[in-house]
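Down below is the structure, laid out as structure tokens.
The values are calculated or read from the model by the stated rules, or taken from the named source; none is laboratory data. Everything numeric in this text was worked out from a predicted model, so none of it was measured. FYI the Cβ positions are ideal-geometry reconstructions off the backbone, even for glycines, and counts take in every protein chain you see.
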Number of protein chains: 2
Amino acid sequence: MGPEEFRVAGHKLIDWIADYRARIPQLPVQAQVGPGEVAAKLPGRAPEEAEPFARVLADLGDIIVPGVTQVQHPRYFGWFPSNASLASVLGDLATSGIGALGITWQSAPALTEVEEVVVEWLRELTALPESWRGVIQDTASSACLVALLAARERATNYSEARGGLQAERAPLTVYTTEHAHSSIAKAVALAGFGRENLRFADVDPVTYAMDPQALARILAEDAAQGLRPAAVVVNVGTTGTTAVDPLAQIVPLARQYGMWVHVDAAMAGSALLLPEMRWLIDGVDGADSLAWNPHKWLGTVLDCALLYVADPAHLIRVMSTNPSYLRSAVDGEVTQYKDWGIPLGRRFRALKLWFHLRLDGVEAIRARLRRDLEHARWLAEQVSSAPGWRILAPVALQTVVLRHEPSGLVSDAGAVLDADALNAHTLAWADSVNRSGAALVTPALLDGTWSVRVSIGAERTERPDVEALWRLLQQAAADA
Amino acid sequence: MGPEEFRVAGHKLIDWIADYRARIPQLPVQAQVGPGEVAAKLPGRAPEEAEPFARVLADLGDIIVPGVTQVQHPRYFGWFPSNASLASVLGDLATSGIGALGITWQSAPALTEVEEVVVEWLRELTALPESWRGVIQDTASSACLVALLAARERATNYSEARGGLQAERAPLTVYTTEHAHSSIAKAVALAGFGRENLRFADVDPVTYAMDPQALARILAEDAAQGLRPAAVVVNVGTTGTTAVDPLAQIVPLARQYGMWVHVDAAMAGSALLLPEMRWLIDGVDGADSLAWNPHKWLGTVLDCALLYVADPAHLIRVMSTNPSYLRSAVDGEVTQYKDWGIPLGRRFRALKLWFHLRLDGVEAIRARLRRDLEHARWLAEQVSSAPGWRILAPVALQTVVLRHEPSGLVSDAGAVLDADALNAHTLAWADSVNRSGAALVTPALLDGTWSVRVSIGAERTERPDVEALWRLLQQAAADA
């Protein structure tokens, strides 16, 4: 396809996207297709001859749109906000159109330097320590793995350069809580620590935040047994309930044992743009790394995660390679992001952040985040004052964890009397909401019983959408 | 930004990209900026107020374009082809515009199923074994790390679920050659094997391909010392010279020692679309995994790597997590790509491959690949027959490794007599070509001496571009 053909098709696709975004409120939120239904509509082999653009565009509307859950829908309250702001979509289009190759500074100086500038903009906006430096990764999962690899290498004085982790003797251990995201346990496994060496500190039974005294206890026990505490992952805004581990109280323990402190703020990081929410990371000066995802609540289109580190020289030593075909005369003077993560080749992801911040402006983004926090407080008030309903966790951010509790299934004090019946009821009404396509919520286990997470923060969600959701939930629970 | 504002800005950006692509031949290939020059043009803080689109668009032309090396230029012969076909740019725009969230099948069934279908299209097009299954990753670096993690877990019977690699005793070892890409040594280090447990088998001195007898020797030595050979990385098209390790001869050795066989065909994988090039992976039936990058020569815009595995159930066991908030009723019936790699959240990358194959058509892509192979053969012939020039490695694919050898610096038989003078000469003329902006080539060390790689395969490179390059090289060498 040449530039003129691209121009014609591109204009059609831009119009298609604008029309699609405008009609999203009329679409069902949850995809209404069954397993294999999309695949069955596609031919078994790639076409030998080029197809006309009109046919591909028609397939977008006929096959792809009905086949995705509409996370840009104003009544999407599922997993977590996954906003793809149109400003960032333009930035990403510029990225693809320019088609730069990010392997070294030399291959695309602007790719490196815009990234340096934009992650510094966001460092300042989120009030992270001035000396910290950042890098764009694909997801917080990868960022956490990178952080734990850095922790492993600090604890072993760069075992990777010698016999590797397999040559180490007393097992290294990693600490977090059972409420940590699944990617933490995965990173522990992939980094070679072994799942048995992942320790869960107890949480406060009301806030679900890590109990620092519980952490102190297991650290003392493990150290007494000759284990080597290497890292603690502090959850700032857990996936289940947005619980906030007390970073300021964990840091002194980490220092005592020489542990790496990684802060997982994948969802909550966006809130750090609000000065009134900076309490979330009180104590961050004593941490080693922090990751959060602009591709969630902030709304920079997937994939865009930020990893900040206190000691970039250490990260670079863990990750660097220097083959002759990538060397250049400026190597000592520039940032080589290939040495800040796993992949060598990188996409010019900084452009989508750059476009997003410039075309939307920070003040409007802050206003949207505040709007969502206010929506969550409003919903929590409605639920708290409605008979038969219960809020199950503090509403620290934009997520409300709730349950409808028909009489007899739960005691007044909140003790579950008939878990099976309660679970069946919860899953039934949540499923009916989701199947209806009118809104989407996410069931999740909390203390072994099913609850429902309402995660507010889609870019287009306004108060009437939250009000409509609350009516829907009440109706669904009554009908179940 | 709302849909109507997006529509207006989007049309402008599409026109900008079409115009930009059309004028690339007039731009210098290598970016002509020094360290810090791009960053100095950007403000130190993010804007509080939204900026007009015109200002952002102007910065694209004024700051970004001069700040990137033009890898879409017809006279780009650097590192490796990094084509961003405009058909795939449209597919990627659709991805961003739809803004789907890929965390489970349920969150975007079409994201999963189009990926399944398209990677199957490409499996069939590249004649990989029918039973193999594939997944899109960001880069071959990540794909290789995933393959080596799978190898580690097979060799240790899933140590990750117990005490991890640190609980294993006799060291696991990994094998490849010194010509393997730098990402292989990095993956070995990150997976915890330790760089000392990466073994390089000698290569054939003419072809730079792994010598299977040399591999057999070090395997026997290592096994006799109680080491545990866990994996061999077979290079199909090395970065330096596109050397092709003899997979069919390596597989029986791997079987004898129970090693995982990973095939790194990052660059060369595109050639597998040509039936006459399938000899590259003779013996692949006995391998365990293969990775290649459509974002290189094939031309699907970065980032798009394919990882195929013979035993997906094993990979899933190594990578899977199953938190309650990601469960759904269809879990047993569908593919969950979160369990096929490191990140949880995934972008709808399959659309760019789908658009690319459909809008360009496979036959036209094959014709372009054949054109590039023919260009490489033509250039190799010119170089071979020019006095004072030497081809330094077999031209198996689209890369020509060459050197200009002024009299007295190299013997007639090819022995380097004055390495310092030869290196200075080579780097001087290659640098003058690159600094001129007229073309880009990549100097690289081969047998300890600098050579120049001419990697042919930019989408717009036609015969006159290769002819012009050859004139440029001769002029630069004469002037140096």
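Inside segment A:1-36, can you point out the residues that are assigned to a loop (DSSP other than H, G, I, E, B), among the small types (Gly, Ala, Ser) and crowded, with 20+ Cβ neighbours inside 10 Å? Give the steps one after another, and end with the answer.
In the first step, residues of segment A:1-36 are kept if they are assigned to a loop (DSSP other than H, G, I, E, B); the result is A:1-2, A:27-36.
So of that shortlist, the ones also among the small types (Gly, Ala, Ser) come out as A:2, A:31, A:34, A:36.
Residue satisfying the conditions is A:Ala31 alone.
Limited to segment B:312-353, what total is found for residues that are of a type in the set (A, V, I, L, M, F, W, C) and under 24 Å from B:Ala155 (Cβ atoms)? Reasoning before the result, please.
Of all residues in segment B:312-353, those of a type in the set (A, V, I, L, M, F, W, C) come to B:313, B:315-316, B:318-319, B:326, B:329-330, B:334, B:340, B:342, B:344, B:348, B:350-351, B:353.
Narrowing the set further to residues that are under 24 Å from B:Ala155 (Cβ atoms) leaves B:313, B:315-316, B:318-319, B:340, B:342.
Count: 7.
Take the residues in segment A:37-54 that are more than 7 Å from every other protein chain (Cβ to nearest Cβ) and assigned to a helix (DSSP H, G or I); name whichever of them is nearest to A:Val65 (Cα to Cα). First the steps, then the outcome.
Step one: filter segment A:37-54 for residues more than 7 Å from every other protein chain (Cβ to nearest Cβ), giving A:37, A:40-41, A:43-44, A:52, A:54.
Restricting the remaining residues to those that are assigned to a helix (DSSP H, G or I) gives A:40-41, A:54.
On the way: A:Ala40: 15, A:Lys41: 13, A:Ala54: 16 Å.
Checking each candidate, the answer is A:Lys41.
Checking the conditions here, which among A:Arg368, A:Arg349, A:Arg377, A:Arg390 is closer than 30 Å to A:Gln106 by Cα, of a type in the set (D, E, K, R) and more than 9 Å from chain B (Cβ to nearest Cβ)?
Going through A:Arg368, A:Arg349, A:Arg377, A:Arg390 in turn, just one is closer than 30 Å to A:Gln106 by Cα, of a type in the set (D, E, K, R) and more than 9 Å from chain B (Cβ to nearest Cβ): A:Arg349.
Do we have A:Glu363 as at pLDDT below 95, within 21 Å of B:Leu42 (Cβ to Cβ) and at the interface with another protein chain (Cβ under 7 Å from one of its Cβ atoms) here? Reasoning before the result, please.
Details: at pLDDT below 95: no; within 21 Å of B:Leu42 (Cβ to Cβ): yes; at the interface with another protein chain (Cβ under 7 Å from one of its Cβ atoms): yes.
Against the criterion (at pLDDT below 95, within 21 Å of B:Leu42 (Cβ to Cβ) and at the interface with another protein chain (Cβ under 7 Å from one of its Cβ atoms)), A:Glu363 does not qualify.
For segment A:213-227, check the following and say yes or no: at least one residue is of a type in the set (A, V, I, L, M) and under 17 Å from A:Ser289 (Cβ atoms).
Within segment A:213-227, the first condition is being of a type in the set (A, V, I, L, M), and the residues that meet it are A:214-216, A:218-220, A:223-224, A:227.
Filter once more, so that each one left must be under 17 Å from A:Ser289 (Cβ atoms): none.
Within segment A:213-227, not a single residue is of a type in the set (A, V, I, L, M) and under 17 Å from A:Ser289 (Cβ atoms).
Failed condition for B:Gly34, given (1) more than 7 Å from chain A (Cβ to nearest Cβ); (2) touching a residue at least 24 places away in the same chain (Cβ under 8 Å), with all others met?
Answer for B:Gly34: the failing condition is (2).
Based on this model, can you work out whether A:Ser131 counts as small (Gly, Ala, Ser) and either within 8 Å of another protein chain (Cβ to nearest Cβ) or within 17 Å of the chain's Cα centre (by Cα) (or both)? Don't jump to the end; show me each part of the working.
On the way: small (Gly, Ala, Ser): yes; either within 8 Å of another protein chain (Cβ to nearest Cβ) or within 17 Å of the chain's Cα centre (by Cα) (or both): no.
Judged against the criteria, A:Ser131 is not a match.
I'm trying to understand the selection: among the residues of segment B:306-329, which are among the basic types (Lys, Arg) and either free of Cβ contacts under 8 Å to residues at least 24 places away in the same chain or assigned to a strand (DSSP E or B) (or both)? Let's see the steps before the verdict.
Restricting attention to segment B:306-329, the residues satisfying the condition of being among the basic types (Lys, Arg) are B:317, B:327.
B:Arg327, the sole residue that qualifies.
State whether one or more residues within segment B:331-346 are of a type in the set (Asp, Glu), outside any loop (DSSP other than H, G, I, E, B) and within 13 Å of another protein chain (Cβ to nearest Cβ).
Yes; the residues of segment B:331-346 include at least one that is of a type in the set (Asp, Glu), outside any loop (DSSP other than H, G, I, E, B) and within 13 Å of another protein chain (Cβ to nearest Cβ).
Please note which strands (runs of 3 or more DSSP E) are completely contained in segment B:161-266 and include at least 2 residues that are in contact (Cβ under 8 Å) with a residue 24 or more places away in the chain, surrounded by 19 or more Cβ atoms within 10 Å (Cβ to Cβ) and among the hydroxyl-bearing types (Ser, Thr, Tyr). Before you say what the answer is, go through the steps one by one.
Values: elements: B:172-176, B:198-200, B:228-235, B:260-264.
Of the strands (runs of 3 or more DSSP E) lying wholly inside segment B:161-266, those with at least 2 residues that are in contact (Cβ under 8 Å) with a residue 24 or more places away in the chain, surrounded by 19 or more Cβ atoms within 10 Å (Cβ to Cβ) and among the hydroxyl-bearing types (Ser, Thr, Tyr) span B:172-176.
Within segment B:404-417, is even one residue in contact with a Phe, Trp or Tyr (Cβ under 6 Å, 6 or more places away or on another chain) and not assigned by TED's automatic domain parsing to the domain that holds B:His179?
We begin by selecting, within segment B:404-417, every residue in contact with a Phe, Trp or Tyr (Cβ under 6 Å, 6 or more places away or on another chain); these are B:404.
Restricting the remaining residues to those that are not assigned by TED's automatic domain parsing to the domain that holds B:His179 gives B:404.
Yes, segment B:404-417 has at least one match.
What number of residues within segment B:332-371 satisfy the criterion of being crowded, with 22+ Cβ neighbours inside 10 Å and among the acidic types (Asp, Glu)?
The total comes to 1.
If you check A:Pro212, A:Pro171, A:Pro205, A:Pro129, which single one turns out to be closer than 30 Å to B:Val38 by Cβ, assigned by TED's automatic domain parsing to the domain that holds A:Leu290 and not hydroxyl-bearing (Ser, Thr, Tyr)?
A:Pro129 is the lone residue from the list that is closer than 30 Å to B:Val38 by Cβ, assigned by TED's automatic domain parsing to the domain that holds A:Leu290 and not hydroxyl-bearing (Ser, Thr, Tyr).
Conditions first: (1) in contact with a strand residue (DSSP E or B) (Cβ under 6 Å, 6 or more places away or on another chain); (2) not in a helix (DSSP H, G or I). A:Asp303 passes all but one, so which condition is the exception?
(1)
Check B:Ala430, B:Ala458 and return the single one that is buried (at least 20 other Cβ atoms within 10 Å of the Cβ), assigned to a helix (DSSP H, G or I), within 12 Å of another protein chain (Cβ to nearest Cβ) and aliphatic (A, V, I, L, M).
Working: B:Ala458 fails: assigned to a helix (DSSP H, G or I).
The conditions single out B:Ala430.
If a residue must be more than 10 Å from B:Val452 (Cβ to Cβ), among the polar types (S, T, N, Q) and crowded, with 16+ Cβ neighbours inside 10 Å, how many such residues does segment B:379-427 contain?
Narrowing segment B:379-427 to residues more than 10 Å from B:Val452 (Cβ to Cβ): B:379-391, B:393-399, B:405-425.
With among the polar types (S, T, N, Q) added as a condition, the list becomes B:382, B:384-385, B:398-399, B:407, B:411, B:423.
Within this subset, residues satisfying the condition of being crowded, with 16+ Cβ neighbours inside 10 Å are B:382, B:398-399, B:423.
Matching residues across segment B:379-427 total 4.
Name the one entry in B:Arg390, B:Arg403 that is basic (Lys, Arg) and either out of contact with any Asp or Glu (no Cβ under 9 Å at 6 or more places or on another chain) or not in a strand (DSSP E or B) (or both). Give the steps one after another, and end with the answer.
Values: B:Arg390 fails: either out of contact with any Asp or Glu (no Cβ under 9 Å at 6 or more places or on another chain) or not in a strand (DSSP E or B) (or both).
That would be B:Arg403, the only listed residue that is basic (Lys, Arg) and either out of contact with any Asp or Glu (no Cβ under 9 Å at 6 or more places or on another chain) or not in a strand (DSSP E or B) (or both).
Scan A:Glu153, A:Glu120 and give me the residue that is more than 25 Å from B:Leu101 (Cα to Cα), in contact (Cβ under 8 Å) with a residue 24 or more places away in the chain and not in a loop (DSSP other than H, G, I, E, B). Explain how you work it out, then say what you get.
On the way: A:Glu120 fails: in contact (Cβ under 8 Å) with a residue 24 or more places away in the chain.
The match here is A:Glu153.
More than 18 Å from B:Arg133 (Cβ to Cβ), assigned by TED's automatic domain parsing to the domain that holds B:Ile218 and touching a His at 6+ places or on another chain (Cβ under 9 Å): which single residue out of B:Val330, B:Val301 fits that description? First the steps, then the outcome.
Working: B:Val330 fails: touching a His at 6+ places or on another chain (Cβ under 9 Å).
Within the list B:Val330, B:Val301, the selection yields B:Val301.
Specify the residue that is farthest from B:Phe193 (Cα to Cα); the eligible residues are those in segment B:167-177 that are modelled with pLDDT of 90 or more and touching a Pro at 6+ places or on another chain (Cβ under 7 Å).
To start, the set of residues in segment B:167-177 that are modelled with pLDDT of 90 or more comprises B:171-177.
When the remaining residues are screened for being touching a Pro at 6+ places or on another chain (Cβ under 7 Å), the result is B:173, B:175.
Details: B:Thr173: 7, B:Tyr175: 11 Å.
Only one residue fits best here, namely B:Tyr175.
Is there a residue being surrounded by fewer than 24 Cβ atoms within 10 Å (Cβ to Cβ), hydrophobic (A, V, I, L, M, F, W, C) and at the interface with chain B (Cβ under 10 Å from one of its Cβ atoms) anywhere in segment A:145-154? Break it down into steps so the answer makes sense when it comes.
Looking only at segment A:145-154, we keep the residues that are surrounded by fewer than 24 Cβ atoms within 10 Å (Cβ to Cβ), and these are A:154.
Then keep just the ones that are hydrophobic (A, V, I, L, M, F, W, C); that gives none.
So far as segment A:145-154 goes, no, none of its residues is surrounded by fewer than 24 Cβ atoms within 10 Å (Cβ to Cβ), hydrophobic (A, V, I, L, M, F, W, C) and at the interface with chain B (Cβ under 10 Å from one of its Cβ atoms).
Name, by its number, the condition in (1) surrounded by 18 or more Cβ atoms within 10 Å (Cβ to Cβ); (2) in the same structural domain as B:Val8 (by TED's automatic domain parsing); (3) touching a Pro at 6+ places or on another chain (Cβ under 9 Å) that does not hold for B:Leu60.
Condition (3) is where B:Leu60 drops out.
Here is a check on your reading of the model: is B:Leu280 outside any loop (DSSP other than H, G, I, E, B) and over 15 Å from B:Val135 (Cβ atoms)? First the steps, then the outcome.
Numbers: outside any loop (DSSP other than H, G, I, E, B): yes; over 15 Å from B:Val135 (Cβ atoms): yes.
Here the answer is yes, as B:Leu280 does meet what is asked.
Test each condition in (1) among the charged types (D, E, K, R); (2) at pLDDT below 95; (3) closer than 30 Å to A:Phe348 by Cα for A:Lys186 and report the one that comes out false.
(2)
Whether any residue in segment B:67-79 is in the same structural domain as B:Tyr20 (by TED's automatic domain parsing), farther than 23 Å from A:Asp331 by Cβ and either part of a helix (DSSP H, G or I) or basic (Lys, Arg) (or both) is what I want to check.
No, there is no match, as no residue in segment B:67-79 is in the same structural domain as B:Tyr20 (by TED's automatic domain parsing), farther than 23 Å from A:Asp331 by Cβ and either part of a helix (DSSP H, G or I) or basic (Lys, Arg) (or both).
Would you mention how many residues in segment B:433-455 are out of contact with any strand residue (DSSP E or B) (no Cβ under 6 Å at 6 or more places or on another chain) and outside any strand (DSSP E or B)? Full working, then the answer.
Of segment B:433-455, the ones out of contact with any strand residue (DSSP E or B) (no Cβ under 6 Å at 6 or more places or on another chain) are B:433, B:435-439, B:445-448.
Right, trim to outside any strand (DSSP E or B) and you get B:433, B:435-439, B:447-448.
Residues meeting the conditions: 8.
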